[in-house]
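Right, one structure below, let's go through it.
The values are calculated or read from the model by the stated rules, or taken from the named source; none is laboratory data. In this text, all values refer to a predicted model and were calculated from it rather than measured experimentally. Every residue, glycine as well, gets a Cβ built from its backbone with ideal geometry; the counts of neighbours run over all protein chains shown. For the accessible areas, the whole protein counts, side chains as well, though only heavy atoms, and no ligand, DNA or RNA atoms are used. Shrake-Rupley method; radii C 1.70, N 1.55, O 1.52, S 1.80 Å.
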Amino acid sequence: HLSSNLIHNRLNFRWYATNELTFALEARNRFFSGQLVREFPLYKDFVDTDPGYFNLSKTVASGESWFLHSMIDRAWVDFTKGKWQITAGRQRVNWGINLVWNPNDIFNTFDYFDFDYEERPGSDALKVQYYTGVTSSAELVYKIQRNDLEDNTESTFAGRYRFSKYRYDFQFIGGWMPKDYVLGGGWMGDIKGGGFRGEVSWFVPKEKNSDSEEAVVATVSGDYTFKNSLYAHAAVLYNSLGVTGKAGAREFFDQNISAKRLSPARYNLFGQLSYPFTPLFSGSFSGMLNPSDGSSFMGPALTYSLGNNLELMATGQLFFGKAGTEYGELGKAFYGRLKWSF
C-alpha cells in the first residue's frame, strides 16, 4: 500500500489585445509528496516530460519524498478576421468526437484514466481554419515535436473538413504522421434523443520496410439521458493491430499514447452510468472490459458541491485480471480531491 498527496494549481491567462488578436498562457503547477515519490525515484522523471517541440516542463524543487513541478501547456496567439482564423503556438487541436476513445485525435491524444487533467494535452502547432458556412469549416494543422529516442524532430500535417447534413455533423481528415499516412472520418448526431457518435482512422506506413504497420482503428458510442436524469453511455473500440489473447499490461497514464494504439487489445468495451442524487450530490460508475483476456476496469465516483466554486470528489480506479492481461497488473487506487476554482 502506497499513499501520495498532490496539490494541483492551474493558472489561465487571456489577453484580448484587439477584436482580432488574442494571446493565451496557461500553466499547471503540481506539488507531489508521499510514499509514492519516495519509493519510486523515477516517478519524478516520469512527470517531468514534455512531448512538444519546446521543453516547457521543469522540476522547480525536490526532496527525498516530494517535488514541485511546473509546466506551460498552453501558449498561443490567435488571429481572427472574417471567415479566417489562425492560431500559432501550444494549443489543443481537438479533432476527437467520442468521449472515451478518439481515433481522429491524431495531434494530442489523451488518456481516459488521467481524470485530473480535464484540459488535456496540447500540441506545438500552427492551425489555419476557414469557415465555409455557419456549420462547416476547413482547416489545416502542422505540428512539430521532438523525438528524444531518435534525437530528431517529427511533424504531423493534416487537414479536416466539417459539415452538417441530415441533422448530423460529419468530418473527414487526411494527412501524415511521423511514420504513417492517415485517412479517417467521423460523425455525431442522435437517434430518438440519444447521442450517436463514431470515428474511424486508417493508418498506412510511409515506408514498406519501416517498423510501422497498417492499422484500422474505429469506435462507436451512444449515450442517453432518461427522464429521471439517469445518464447512460456505452462505447466499443476496435483496433486491427490489437491482440485477441493476453494483451500485456498497458502503461498507467501513458504519456506516449497515440490514436493508432489507444489499446493493445483488438476489442475494448466501455460503459458508464451517472445520476444526480440531489442538485449538489452526484455519483457515477464507469467500467472497461477487454473481452479477449477477461481483464477489466471499474471506476466509481462521488461528487459533492460545497459551494459555487468548491467541489469535493472521491473516486477509485480498480483494475482486475490475471498476470499478462491489459488491466490485470495495474492494481487499485483510491483518490480524494478538493477542487477550488477561482
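Here the calculated FRET efficiency for V243 and Y131, from their Cβ-Cβ distance with R0 = 35 Å, stands at 0.25, rounded to the nearest 0.05.
Computed across region 93-190, the Kirkwood radius stands at 14.7 Å (inverse of mean 1/r, all Cα pairs).
Shown here are the Rg and Dmax of the Cα trace of region 209-342, at 17.5, 59 Å.
Note on the chain: with charges restricted to the Cβ of Lys and Arg (+1) and Asp and Glu (-1), its dipole about the Cα centre is near 920 debye. Across region 33-123, Cα pairs under 8 Å and at least six residues apart give a relative contact order of 19 percent.
For region 63-104, the share of alpha carbon pairs falling in successive 5 Å distance bins from zero is 5, 14, 14, 12, 17, 15, 10, 7, 3, 2, 1 percent. Across q = 0.13 Å⁻¹, the chain modelled as identical point scatterers on its alpha-carbon atoms has Debye log10 I(q)/I(0) values of -1.27, in the order of the q list. Summary value for region 33-85: 30 percent relative contact order, contacts being C-alpha pairs under 8 angstrom separated by 6+ residues.
What 222 nm value per residue comes from the helices of the chain, counting each DSSP H run with n ≥ 4 as -39,500 (n - 2.57) and dividing by all residues, nearest 500 deg cm²/dmol? Calculated at 222 nm, the ellipticity per residue is -500 deg cm²/dmol. Take the chain with all the other protein chains still there, run a 1.4 Å probe, and you get 55 Å² of accessible area per residue. At an R0 of 30 angstrom, the distance between the Cβ atoms of K208 and N152 translates into a FRET efficiency of 0.90.
Pairs spanning more than 25 Å between alpha-carbon atoms, out of K227/K339; K127/K179; K165/K192: K227/K339. Note on T49 and Y335: the extension gain reaches 100.6 nm, defined as 0.36 nm multiplied by sequence separation minus the Cα-Cα distance. Computed on the chain, with alpha-carbon pairs under 8 angstrom and 6+ residues apart, the relative contact order is 9 percent. Computed from point charges on the beta carbon alone (+1 for Lys and Arg, -1 for Asp and Glu), the dipole magnitude for region 52-178 about its Cα centre is near 880 Debye. Cβ-Cβ distance of F226 and A314, R₀ of 30 Å, FRET efficiency by 1/(1 + (r/R0)^6): the value works out to about 0.75. Per-residue extension of 0.36 nm, minus the Cα-Cα distance of K165 and Y112, leaves a gain of 16.1 nm for this segment. Its Cα gyration tensor gives region 271-342 an equivalent ellipsoid; the semi-axes, largest first and in whole Å, are 30, 13, 7. Just to confirm a number: summing +1 for Lys and Arg and -1 for Asp and Glu over residues other than R74 whose beta-carbon lies under 15 angstrom from that of R74, what do you get? Residues close to R74 contribute a combined charge of +1. The magnitude of the dipole of region 99-233, with charges of +1 and -1 set on the Cβ of Lys/Arg and Asp/Glu and taken from the Cα centre, is near 920 debye. Where the alpha-carbon atoms of region 129-172 are placed on the principal axes, they occupy 48, 18, 9 Å, in descending order. The base-10 log of I(q)/I(0) for region 1-141, evaluated at q = 0.09, 0.13, 0.17, 0.21 Å⁻¹, reads -0.36, -0.69, -1.04, -1.35 [Debye formula, identical scatterers on Cα atoms, solvent excluded]. Annotation: V60 carries an accessible surface of approximately 80 Å², with a 1.4 Å probe and no ligand, DNA or RNA atoms counted.
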